[in-house]
Amino acid sequence: MGFFKRNFFAGVIAGIALTVVVGIGSLALIGYLMIRGGGFDFSPVPTLPEVGNLRSYGEPNASWRVNGLDGKTVRLGDLRGQPVFVNIWASWCGPCVAEMPAIGRLYAELHGQGVAFLVVSEEDVDTVRKFVKRENLAFPVYVSKDGLPPELDSSGIPATFILDGGGRVVFKRIGPAQWDAEPVRNFLLALRSAPLSTVTPDE
């Protein structure tokens, strides 16, 4: 009887230990896939305003500049007349990395249709270049050496802003999202032809 009890309790303990190990392993795998932008996507579809009833969250300075990895400089003012999708990220930010594939798909669909993209990091160029190569990103990535305009600054990253053709921020979000969702595509495409009068200026 004692032998049976000893083996029974040993089996229970072994079962509990196995369950704990499997649970930890599963969580680690999910976390890894999220960071690597893998098959798990827990990012929600963002709620976007109606194009005919937009609110302005300010107008970043048109002289704000970002540098491409090819050394070319882009001024925000150069993009006037078209919607601009701005994403602020960092290579060490897991949620930032997790949403990159969705941004890549959105870029692939819209970059030739009058929508501009600024995917911007404040890290050094070498760090960003290594990240882009490792992740095999198929869209242009920029580095901001002069900081961010107040209108594009936030309490956390990833932070995403959408500007209208007049250079005004009409949407902002902190946190990852499913940026290639149909509502996002429709919003950006509709914003191309939205009259500036549909935007309520800051009070």
The lone exception for Pro60 - which of (1) farther than 26 Å from Lys133 by Cβ; (2) in contact with a strand residue (DSSP E or B) (Cβ under 6 Å, 6 or more places away or on another chain) it fails: (2)
Taking region 60-99 only, how many residues are within 22 Å of Ile174 (Cα to Cα) and either β-branched (Val, Ile, Thr) or not assigned by TED's automatic domain parsing to the domain that holds His111 (or both)? 5
Out of all the residues in region 68-81, is one or more over 24 Å from Lys145 (Cβ atoms) and either surrounded by 15 or more Cβ atoms within 10 Å (Cβ to Cβ) or more than 11 Å from the chain's Cα centre (by Cα) (or both)? yes
Hey, can you tell me all the residues within region 147-203 that are in a loop (DSSP other than H, G, I, E, B), more than 13 Å from Thr47 (Cα to Cα) and aliphatic (A, V, I, L, M)? Leu148, Ile157, Ala194
From the list Ser144, Ser154, pick out the single residue that is hydroxyl-bearing (Ser, Thr, Tyr), touching a residue at least 40 places away in the same chain (Cβ under 8 Å) and more than 14 Å from Trp64 (Cα to Cα). Ser154
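The values are calculated or read from the model by the stated rules, or taken from the named source; none is laboratory data. It should be emphasised that the depicted structure is a prediction, and the values quoted were computed from it without experimental measurement. Every residue, glycine as well, gets a Cβ built from its backbone with ideal geometry; the counts of neighbours run over all protein chains shown.
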